Number of protein chains: 2
Amino acid sequence: MTYHTTLDRAVAAAAAAAGGYGAWSAERRRDLLHACADALEAARPELVDLAWAETALTRERLDGEITRTTGQLRLYGDHVAAGRHLSGRTSPGAAPGGADVYTVDVPLGPVAVFAASNFPFAFGVPGGDTASALAAGCPVVVKGHPAQLRLSRRIAEVLSGAVAGAGAPEGTFGFLDAESTDGDPNKLSIDLVRHPVIKAVGFTGSFGGGRALMDAAAARPEPIPVYAEMGSVNPVFVLPGAVADEAGREKWATALATAVTGSGGQLCTKPGVVFVPETDDGETLADLAASRIGGAGPIPMLTAGMAAAHRRWSEQNQARGASGQEADPRDGLPFAVRISAKDFTGDYREEHFGPATVFVQADPADYPALADSLEGQLTATIIADDASDADRSAARALLPSLVAKAGRVVWNGVPTGVAVVEAMQHGGPWPATSAAWSTSVGTEAIRRFTRPVALQGVPADLVG
Amino acid sequence: MTYHTTLDRAVAAAAAAAGGYGAWSAERRRDLLHACADALEAARPELVDLAWAETALTRERLDGEITRTTGQLRLYGDHVAAGRHLSGRTSPGAAPGGADVYTVDVPLGPVAVFAASNFPFAFGVPGGDTASALAAGCPVVVKGHPAQLRLSRRIAEVLSGAVAGAGAPEGTFGFLDAESTDGDPNKLSIDLVRHPVIKAVGFTGSFGGGRALMDAAAARPEPIPVYAEMGSVNPVFVLPGAVADEAGREKWATALATAVTGSGGQLCTKPGVVFVPETDDGETLADLAASRIGGAGPIPMLTAGMAAAHRRWSEQNQARGASGQEADPRDGLPFAVRISAKDFTGDYREEHFGPATVFVQADPADYPALADSLEGQLTATIIADDASDADRSAARALLPSLVAKAGRVVWNGVPTGVAVVEAMQHGGPWPATSAAWSTSVGTEAIRRFTRPVALQGVPADLVG
């Protein structure tokens, strides 16, 4: 089967399914999403094995990720069945002649979803974009990540079975992978986004990948929205009170080291830059955290390519305090870079995947200006002593800059661990994402794939 | 003063104002919007005169439009002061460690607004884009329409005074016009959209103009959202019951003729295509409406260029039933085109500004397929006999196709007259607009210029 036949088949089936699936009641969509969750649950041991073999993530992490993913599918189904995704605006008697105006919400049509490699489930084939598009009433055509061929295919089989079992039209769930590409996965991606049948795009991945999809979508005869989450450095600002005593330094050194090294530092919310006070206390925190990061030992990374990129970043920074030892070609050696604020330039402001972070010694009075100098971020974090008036005052001065730069601001926590809840905003200004008004995590993600329609005087019994 | 100095000054002032004005309380923004409304009100007689001289719209229409515009400014101010523009999502205890997650909303920054010519107030310099951006906390840089130089400048003076009087930073309201262009208004527009300071764009106008701004915005190093409303043909579907008796035919012939000829047919919601049953009743309705449209006599159009385009469209259709008489070069002669469904192709599916419409004789059983064949629309309308089971049944079959194509569906009314209310959706799928999720009329328009930020565990007393 040639590449174009495969792509064309998948999108033609999605187009054919759009009207029928789009007219499904919210209750039926809920049942379909629950069926997908049940099917993944039933295949859990097999999926953990496949994922472990292709990602090198720990079985414990992968097992937890399946739980998160099935919970997400069920939550989004429950959310639409409860009508909580609806715009629900009403203006009684407001139109000329006194007619009521009220909104209904309609699905956009077939959505192209690009699976990320770092969360093979939660942002993979069965992940948040797939779940929110299906919840919205949109068929999906999912491109599996080329680094996870076997897992992606097996998940696609499991979901296809669940979707068919729920009675959805063929084409409601479509899947493409590297075998559909004639060897060029980028061409497949661009052709998918260019296909006139596709009405929206969900993507989590690199800046270069996201930008290429955006450019292709914007150049179409009919431009379509691209919801691309492209990552960030997730700055953390440590205020003096938080590290004024040993207990605070110990606590935050451990928390930061865990956030930097967990999942091999391959999370879009990994704290990639940590501003610490240029004091003995700040130095001690950075020392402790750096030591714990280094102490985590070699961590197998998602791909040999990511490990190589991490190694290059490590080598560039040897002179600045990177530490490590020889390792397997797929291993990433955790390290911490230590610089002063005047050296916080260029590369240090860009996201690097892998178990490493940059500690920047700075005067806390300069934190707002440093924050203002950053690009758009998924998250920004303040670590402070809740009981310290000085910290609270400094935080009050810093918060406007963080709110202006980030999609989420964390207080006394770490940015990793994104709760899948209604108030979550996993988004943020360019270049963190392509559409700062939207979120790719949480129930609000569903709204990316619907649009409101105002009905003016239309008798309610004639509608859906 | 050279063109670039003027552009650069306006955007630099907007950038300087963004932080200060963006931090204003909603109450202060309300007061500013009310002050703008009051200032327009105080200048009303002078503004009507200026607008009448440059647009040739009737004084009565212009007077009413000022009332709509001042009401809009006040409504948007009241809306934000009441906090109704906020996303307001809360997930108590939902984050890791039990922290609360809740959203706040922040302005995007300076917004470029392009004034339309057909509503010199409501979509002009003081129009919906300006009002919603200012309500959102964003400075605006407004480009006046080149056909309304004197009016635009005077409105800009009035608003600048009101904004300064309200104590807003200089640059909160900026204005550019053809004098800033070195003779090329298109270049000014593109350069404004390309300017790195600008964070979003509001536009109402032609498809070509909107697409050019979208392309420029998408090609920036930092792409920005463009909210472009580019018009549509606003199909009307007349069901048999509505024209089964003379009273119905009289009523709808008058309503349609008024909607086609009002404001010289220069409304983005003008019904440009009316599907009528291919029966004697349907013919009679079209005859009556066409006669009333033709009987409206010559109508001065917004510009000589629009009148010339309208005349070309009229001449192309002489063979198909257009009627009229010689007229002043700026006059538009109202006319109706009569075709059968098989001839409903090409040009007839595209928007034509001016007092003309196309009656398409069709079998009502074919209405859903005809609707499916249309491009995206701002509006779609059904005219039916409320008491007729046959009409209700036909409407039920037709509505899904209309909801899938339009931003607003009207029942037993005409699409002109867009209520400025919370439930209004003045939007719709491509090519009617660039962002089908958004609306350019109604209080939801404000949300285009803010983005939500999730706060995780952040003590409420430290924020804003």
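Per-residue shielding of B:405-416, expressed as the average number of other chain Cβ atoms within 10 Å of the residue Cβ, stands at 5.
Taking 26 Å as the cut-off for C-alpha to C-alpha distance, list the pairs among B:Lys251/B:Lys342; A:Lys187/A:Lys270; B:Lys187/B:Lys270; A:Lys342/A:Lys405; A:Lys199/B:Lys342 that go past it.
Numbers: B:Lys251/B:Lys342 28 Å; A:Lys187/A:Lys270 30 Å; B:Lys187/B:Lys270 30 Å; A:Lys342/A:Lys405 21 Å; A:Lys199/B:Lys342 29 Å.
Where the Cα-Cα span goes over 26 Å, the pairs concerned are B:Lys251/B:Lys342; A:Lys187/A:Lys270; B:Lys187/B:Lys270; A:Lys199/B:Lys342.
Skip the ligands, DNA and RNA, and give the accessible area per residue of the protein assembly as shown with a 1.4 Å probe, whole Å². Could you put the intermediate results ahead of the total?
Numbers: 31940 Å² over 928 residues.
Heavy-atom accessible area per residue stands at 34 Å².
Averaged over peptide B:436-444, the number of partner chain Cβ atoms lying within 10 Å of each residue's Cβ comes to 5.
With a/c under 1.5 counting as rounded, go ahead and sort region A:212-287 into rounded, prolate or oblate using the C-alpha gyration tensor (a ≥ b ≥ c being the square roots of the eigenvalues; past the cut-off, prolate if a/b is larger than b/c, else oblate).
Working: a/c = 4.88, a/b = 3.12, b/c = 1.56.
Verdict is prolate for region A:212-287.
Using Cα pairs under 8 angstrom and six or more residues apart, how large is the relative contact order of chain B, in percent?
Values: 1010 pairs, mean separation 81.4, N = 464.
Result for chain B is 18 percent.
On the accessible surface of region B:317-464, probed at 1.4 Å, how many percent belong to carbon and sulfur atoms?
Values: 2420 of 4890 Å².
The nonpolar share, carbon plus sulfur, comes to 50 percent.
Summing Cβ point charges (Lys, Arg +1; Asp, Glu -1) relative to the Cα centre of region A:1-149 gives a dipole of roughly 260 debye.
How would you order A:295-303, B:87-95 from highest to lowest mean count of nearby Cβ atoms within 10 Å?
Values: A:295-303: 19.3, B:87-95: 16.9.
For the peptides A:295-303, B:87-95, the packing ranking is A:295-303, B:87-95.
Each listed q (0.13, 0.18, 0.19 Å⁻¹) maps to a log10 I(q)/I(0) for region A:236-411, found by the Debye formula over equal Cα scatterers with no solvent: -0.60, -1.14, -1.25.
For the protein assembly as shown, the antiparallel share of DSSP beta bridges with both residues in that region comes to about 25%.
Projecting the Cα atoms of A:Leu62, A:Gln148, A:Pro459 onto the charge dipole of chain A, computed from C-beta unit charges around the Cα centre, puts A:Pro459 farthest toward the positive end.
Using the crude model of +1 on Lys and Arg Cβ and -1 on Asp and Glu Cβ, and no other charge, please compute the dipole size for the protein assembly as shown relative to its Cα centre, in debye to 20. Walk me through the intermediate numbers first.
Numbers: 76 positive and 104 negative charges, 69 e Å.
Dipole size: approximately 340 debye.
On the beta carbon distance between A:Asn186 and A:Asp363, with R0 = 51 Å, the FRET formula returns roughly 0.70. Restricting attention to region B:236-411, close to 10% of DSSP beta bridges with both partner residues there are antiparallel.
Taking only the C-alpha atoms of the protein assembly as shown, the Rg (one decimal) and the largest Cα-Cα distance, Dmax (whole number), read 29.0, 93 Å. Only helices reaching 27 angstrom along their own axis (Cα) with mean Kyte-Doolittle hydropathy no lower than 0.5 count here, and not one DSSP H run of chain A does. Note on chain B: with charges restricted to the Cβ of Lys and Arg (+1) and Asp and Glu (-1), its dipole about the Cα centre is near 1060 debye.
Between B:Asp215 and B:Leu149, what FRET efficiency comes out of the Förster formula 1/(1 + (r/R0)^6) with R0 = 35 Å and r the beta carbon distance, rounded to 0.05? Numbers along the way, then the final one.
Details: r = 27 Å, r/R0 = 0.77.
Efficiency, from the Cβ-Cβ distance: 0.85.
Which value at 222 nm does the protein assembly as shown reach when only helices count, each DSSP H run of 4 or more adding -39,500 (n - 2.57), with the total divided by all residues and rounded to the nearest 500 deg cm²/dmol? The helix contribution divided over the protein assembly as shown gives -13000 deg cm²/dmol.
Order of A:124-137, A:441-454, B:414-427 by packing, highest average Cβ count within 10 Å first? All intermediate terms of the calculation are to be shown ahead of the outcome.
Working: A:124-137: 29.1, A:441-454: 26.6, B:414-427: 23.6.
Packing order, densest peptide first, comes out as A:124-137, A:441-454, B:414-427.
Centroid-to-centroid, using Cα positions, region A:113-184 and region A:353-417 are 36 Å apart.
Note: relative contact order over region A:236-411, using C-alpha pairs below 8 Å and six or more positions apart, is 28 percent.
Is region B:356-464 rounded, prolate or oblate when judged by the Cα gyration tensor, a ≥ b ≥ c being the square roots of its eigenvalues, rounded requiring a/c under 1.5 and prolate requiring a/b larger than b/c? Can you show the working numbers first?
Values: a/c = 2.77, a/b = 2.52, b/c = 1.10.
Prolate is the answer for region B:356-464, as a/c is 1.5 or above and a/b outweighs b/c.
Inverting the mean 1/r over all pairs of different Cα atoms, compute the Kirkwood radius of chain A and quote it in Å. This gives a value of 23.2 Å.
Looking at the square roots a ≥ b ≥ c of the eigenvalues of the Cα gyration tensor of region A:134-219, which shape do they give, rounded for a/c under 1.5, prolate if a/b is larger than b/c, or oblate? Kindly include the intermediate steps, with their values, before the conclusion.
Numbers: a/c = 2.09, a/b = 1.37, b/c = 1.53.
In terms of gyration-tensor shape, oblate.
Over region A:63-162, the pair-distance histogram of Cα-Cα distances with 10 Å bins from zero comes to 15, 38, 24, 12, 8, 3, 0 percent, rounded to whole numbers.
Restricting to chain B, compute how many DSSP beta bridges are antiparallel as a %, nearest 5. Write down the numbers at each step before the final one.
Details: 12 of 49 bridges.
The answer is about 25 percent antiparallel.
Take each residue of peptide A:219-231, count the partner chain Cβ atoms within 10 Å of its Cβ, and average: the result is 2. Considering all C-alpha pairs of region B:116-181, those separated by over 20 Å amount to 20%. Ranking A:Arg68, B:Arg59 by solvent-accessible area of protein heavy atoms (1.4 Å probe, all protein chains present), from largest to smallest, gives B:Arg59, A:Arg68.
Computed with the Debye formula from one identical point scatterer per Cα of region A:146-301, without solvent, the log10 of I(q)/I(0) at q = 0.11, 0.12, 0.13, 0.18 Å⁻¹ comes to -0.68, -0.75, -0.81, -1.08.
A dipole drawn for the protein assembly as shown from +1 and -1 charges on Cβ atoms has a positive end, and of A:Val236, B:Val233, A:Thr103 the residue lying farthest that way is B:Val233.
The values are calculated or read from the model by the stated rules, or taken from the named source; none is laboratory data. As the structure is a computational prediction, the values presented were derived from the model and not from experiment. As a convention, Cβ positions derive from the backbone with ideal geometry for all residues, glycine included, and neighbour counts pool all protein chains shown. Accessible surface areas use protein heavy atoms only, side chains included; no ligands, DNA or RNA. Shrake-Rupley method; radii C 1.70, N 1.55, O 1.52, S 1.80 Å.
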